[in-house]
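Structure first, then comments.
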Amino acid sequence: MLVKNLPLKFQNFAIPLCILFMALIASLLNRQLADALIYDHQLIQQGEPWRILTGHFLHTNNVHLLLNSAAILLLWALHGQFYTIKSYLFVFIFCALVTSFGLYFYSPELIRYVGLSGVLHGIFIWGACLDIKNKEKTGYLLLFGAIVKILHEQIFGASEDVAALINANVAIDAHLWGAIAGLSAYCLMNLANKYRNSRE
């Protein structure tokens, strides 16, 4: 892809850049501060709700951080033309919340979780749906590929190679809930746009 074809308007990259920066800052925190921010099921239960959001910015190691950072950049290159500050921020926060609540209520055995992978699955699904809406045939391929990947993980488990790289078990349920969140975000935003258009 040529640089001139990349979505280089400020609204296209502002929030992804902020998220990359926040993840980098989080990686520099000392262990005590990091422990106060990670998603921890038991501590959320005891009254520390901020972990529902902050845990997504932390990573198990530098490889985990680099993988998620690369995914943010690739998704921006793929679907950044659809990004605005308001829409991306909504989708990011919505996917983060749904992923965390999905893990909290339906995967209580997962005590700790860090990383952006759940949210990124949601952003990927959202972007694929927008491709389809804009009559981009690749959207169907991307959506199908994501569904196959998630189903494969749910049936056969995650890749052991990836687990070794990030030095942790891959939270496949986070991917599932993130994808559900991305699809839900697309539907909600589509309904909101239709309602707004009908009022004009």
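Are any residues in region 2-35 more than 24 Å from T84 (Cα to Cα) and surrounded by 14 or more Cβ atoms within 10 Å (Cβ to Cβ), and if so, which ones?
Going residue by residue through region 2-35, those that are more than 24 Å from T84 (Cα to Cα) are 26-35.
Once the filter is applied, which keeps residues that are more than 24 Å from T84 (Cα to Cα) and surrounded by 14 or more Cβ atoms within 10 Å (Cβ to Cβ), region 2-35 yields A26, S27, L29, A34.
Please find, within region 112-155, the residue that is farthest from V63 (Cα to Cα) out of those that are aromatic (F, W, Y) and part of a helix (DSSP H, G or I).
Quick first cut of region 112-155, residues aromatic (F, W, Y) only: 113, 124, 126, 140, 144.
Going one step further and asking which of them are part of a helix (DSSP H, G or I), we end up with 124, 126, 140, 144.
On the way: F124: 21, W126: 26, Y140: 30, F144: 27 Å.
Across region 112-155, the extreme among qualifying residues is Y140.
Picking from S69, S100, S87, which residue would you name as being touching a strand residue (DSSP E or B) at 6+ places or on another chain (Cβ under 9 Å), of a type outside the set (D, E, K, R) and either closer than 23 Å to F13 by Cβ or not in a loop (DSSP other than H, G, I, E, B) (or both)? Full working, then the answer.
Working: S69 fails: touching a strand residue (DSSP E or B) at 6+ places or on another chain (Cβ under 9 Å); S87 fails: touching a strand residue (DSSP E or B) at 6+ places or on another chain (Cβ under 9 Å).
None of the others qualify; the one that does is S100.
Quick one: Y39 ticks every box in (1) closer than 30 Å to K135 by Cα; (2) crowded, with 16+ Cβ neighbours inside 10 Å; (3) of a type in the set (S, T, Y) except a single one, so which number is it?
Tallying (1) closer than 30 Å to K135 by Cα; (2) crowded, with 16+ Cβ neighbours inside 10 Å; (3) of a type in the set (S, T, Y), Y39 fails exactly one: (1).
For the subset of region 156-170 comprising residues that are part of a helix (DSSP H, G or I) and small (G, A, S), which member is surrounded by the most Cβ atoms within 10 Å (Cβ to Cβ)?
Step one: of region 156-170, the residues part of a helix (DSSP H, G or I) are 156, 160-166.
Narrowing the set further to residues that are small (G, A, S) leaves 163-164.
Working: A163: 14, A164: 10.
Per the stated criteria, the residue is A163.
Name the single residue, out of those in region 117-153 being free of Cβ contacts under 8 Å to residues at least 60 places away in the same chain, among the small types (G, A, S) and in contact with a helix residue (DSSP H, G or I) (Cβ under 7 Å, 6 or more places away or on another chain), that is nearest to K86 (Cα to Cα).
G127
Within region 45-76, restricting attention to residues that are more than 19 Å from H175 (Cα to Cα) and at pLDDT 95 or above, which residue is nearest to the chain's Cα centre (by Cα)?
Only one residue fits best here, namely W50.
With respect to S159, determine if the residue is of a type in the set (G, A, S) and closer than 22 Å to H64 by Cα. So that I can check it myself, show each step before the final result.
Values: of a type in the set (G, A, S): yes; closer than 22 Å to H64 by Cα: yes.
Judged against the criteria, S159 is a match.
May I ask you to verify whether A70 is of a type outside the set (S, T, Y) and farther than 23 Å from L142 by Cα?
Details: of a type outside the set (S, T, Y): yes; farther than 23 Å from L142 by Cα: no.
No.
Free of Cβ contacts under 8 Å to residues at least 40 places away in the same chain, more than 22 Å from A164 (Cα to Cα), in contact with a helix residue (DSSP H, G or I) (Cβ under 8 Å, 6 or more places away or on another chain) and among the aliphatic types (A, V, I, L, M), is that true of L43?
Numbers: free of Cβ contacts under 8 Å to residues at least 40 places away in the same chain: yes; more than 22 Å from A164 (Cα to Cα): yes; in contact with a helix residue (DSSP H, G or I) (Cβ under 8 Å, 6 or more places away or on another chain): yes; among the aliphatic types (A, V, I, L, M): yes.
Criteria met by L43.
The values are calculated or read from the model by the stated rules, or taken from the named source; none is laboratory data. Fair warning: this is a prediction, and the values are worked out from it, not measured in the lab. Methodologically, a virtual Cβ is constructed for each residue, glycine included, from the backbone with ideal geometry; neighbour enumeration extends over all protein chains shown.
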